[in-house]
């Protein structure tokens, strides 16, 4: 996966005519680019920032059918998601896992109620079930959740769902696309587009690293920009009505001592009627999420104090030792691109998480809404629709049984296991030079060699790319990420052949970014 190769193709004259041009490098855009590539279509994906920079790196890290959607009576969405959960765990075992969850119950009737609901969840999963839900005793709840509040504790229900690393999966999708003949570029911004008389799209895009503007031709144009789809729709038609209602979800990350063990905690009903998860993640505990309607989407959304308080307050009834603001290692916020309902007076938590696929009069295909779990199905529907709209020769979808880059079921070095089948190559790179084996932080196993791998093989271009979406440490220990920034910038400078001013600028930029991940 080499950005220079994509730029080289774009510099060719006459300009290449692509079958598919996908705008947006989040879950849906990457899934769509991979799907169209595997069907044999020439495909180009452009992302204005880094892959999964927005919503797609800021999820609750769950591959799930959606217990909450079951409570809302949306059986269809649950069935769809459970099927896709099974497909994803099969196709990307290196970045997904079977996670056990426990719901502590504080009355007999709540035990009966939640147990019945989860039995239905098991039934809907069928052969794709990750394990049967069972009622467990108070003693076992305390055994699995050592810090759980035992006062008035009745029982617990243990059930299973999927967990994953969202940004790592995104990179793997990009790699899968690239190695099968697709082309991708991050830090490329689409500025305008027009459908010419021949029915071909003429797209103007700027390489944000050089400032050079490119005219790119494509048969099918896909708008997969998440919370920013309305911006692209306005480029197509100035009178376009908005189709997305953004909602923000905030997560906090705390030390493992608040939830020792390997089981996750699920709080079935918060003060606003949602569910709250506390999940083991990267040796820490991730807690979330909130659901706060917002007026304007931002590429780097900030948590609201009320959201952080909400999470901490809802933990108080369930834990003996309760985290405080000073215990928060990192806080991050993502925006959900909820498909706007016909009547927009609904609270965001009541809006369906189903996706929306629309075709504009010009032929622009827009996909939005949905969630990570169903990204593959969304991509399949999008490519099918684009083939139909643009009268391309139909080829069937090939992603159901496609092994995503990194696919591995081997026992791997725990420090490198997240890389799957790349772990061996990364290990060889690290061992090729004593300097490459140097750690970047005394408390974590991350090495200089891994950063070099990210630049050479995963299109990492900035300090943020490395620390937020390749290592993930910005999301689970912001102070540690801050300490690593200078070393990472120096490695990137050598690999990318930048100057010292670039290094200084990167460190300043990252320091400013980190402020949004720290509790003041």
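The values are calculated or read from the model by the stated rules, or taken from the named source; none is laboratory data. Nothing here was measured: the structure is a model prediction, and the numbers come from that model. Positions of Cβ are generated from backbone atoms using ideal geometry, with glycine treated the same way; all protein chains shown enter the neighbour counts.
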Specify which of the listed residues (478, 468, 437, 460) is touching a helix residue (DSSP H, G or I) at 6+ places or on another chain (Cβ under 6 Å), surrounded by fewer than 20 Cβ atoms within 10 Å (Cβ to Cβ) and either at negative phi or not assigned by TED's automatic domain parsing to the domain that holds residue 50 (or both). 437
Among the residues of the stretch 137-146 satisfying the criterion of being touching a residue at least 12 places away in the same chain (Cβ under 8 Å) and surrounded by fewer than 19 Cβ atoms within 10 Å (Cβ to Cβ), which is nearest to residue 27 (Cα to Cα)? 146
Do you know which residues across the stretch 486-508 are touching a residue at least 40 places away in the same chain (Cβ under 8 Å) and within 20 Å of residue 458 (Cβ to Cβ)? 487, 488, 491, 492, 495, 496, 506
From the options 123, 77, residue that is at pLDDT below 95 and within 25 Å of the chain's Cα centre (by Cα): 77
Take residue 156 and tell me if it is crowded, with 23+ Cβ neighbours inside 10 Å and over 22 Å from the mean Cα position of the chain (by Cα). yes
What residue, among those in the stretch 108-134 that are in contact with a strand residue (DSSP E or B) (Cβ under 6 Å, 6 or more places away or on another chain) and crowded, with 17+ Cβ neighbours inside 10 Å, is nearest to residue 81 (Cα to Cα)? 130
Tell me which of these residue 187 doesn't satisfy, since it passes every other one: (1) more than 29 Å from the chain's Cα centre (by Cα); (2) closer than 14 Å to residue 47 by Cα. (1)
Determine whether residue 310 is out of contact with any strand residue (DSSP E or B) (no Cβ under 6 Å at 6 or more places or on another chain), in a helix (DSSP H, G or I) and more than 30 Å from residue 480 (Cα to Cα). no
